[in-house]
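> This structure is in structure tokens; I'll ask about it shortly.
The values are calculated or read from the model by the stated rules, or taken from the named source; none is laboratory data. The structure presented is a predicted model; accordingly, all values stated were derived computationally and were not measured. Ideal geometry is used to build each Cβ from the backbone, glycine not excepted, and the neighbour counts take in all protein chains shown.
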């Protein structure tokens, strides 16, 4: 092989190695920043390790909201098949109420309670986050073309 071909081959190999290394760095960086969405049924089937940040969504289970002294509140998020207890400290959105769609960001504790850092409620009568709609469809609790029902 001529020296010119050896240089070209070495350059191509170096370029390939640099590309693979760059792609690996991007994947590692994104893995730490991607927040996965889980429905309560997903969490029961495939539990997430405690401390890992993710989003959970579904409906606020009727009769599950308990307000403690101060700003601490506990409630359950359900998709009709399973429910997950959620603990949140802070001011809730004005539209938060039982039977309505909710998405919470936080992590699961060793005792199985999801500790939320942020709680988002749906903003009108017909909108619900797409992830919540998909989870409710999988559980058989979603009626196409109808707004979310207030109770379970």
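> In the range 75-107, how many residues are farther than 14 Å from residue 136 by Cα and part of a strand (DSSP E or B)? It would help to see each step written out before you state the result.
Of the residues in the range 75-107, the ones farther than 14 Å from residue 136 by Cα are 75-76, 84-98, 104-107.
Narrowing further to those that are part of a strand (DSSP E or B): 75-76, 84-89, 104-107.
Counting residues in the range 75-107 that are farther than 14 Å from residue 136 by Cα and part of a strand (DSSP E or B) gives 12.
> When residue 5 is evaluated against the numbered criteria (1) exposed (fewer than 10 other Cβ atoms within 10 Å of the Cβ); (2) on the phi > 0 side of the Ramachandran plot; (3) not in a loop (DSSP other than H, G, I, E, B), which criterion, by number, is the only one it fails?
For residue 5, the exception is condition (2).
> Additional query: Which of (1) more than 18 Å from the chain's Cα centre (by Cα); (2) surrounded by 10 or more Cβ atoms within 10 Å (Cβ to Cβ); (3) at pLDDT below 90 is the odd one out, the single condition residue 100 does not satisfy?
(1)
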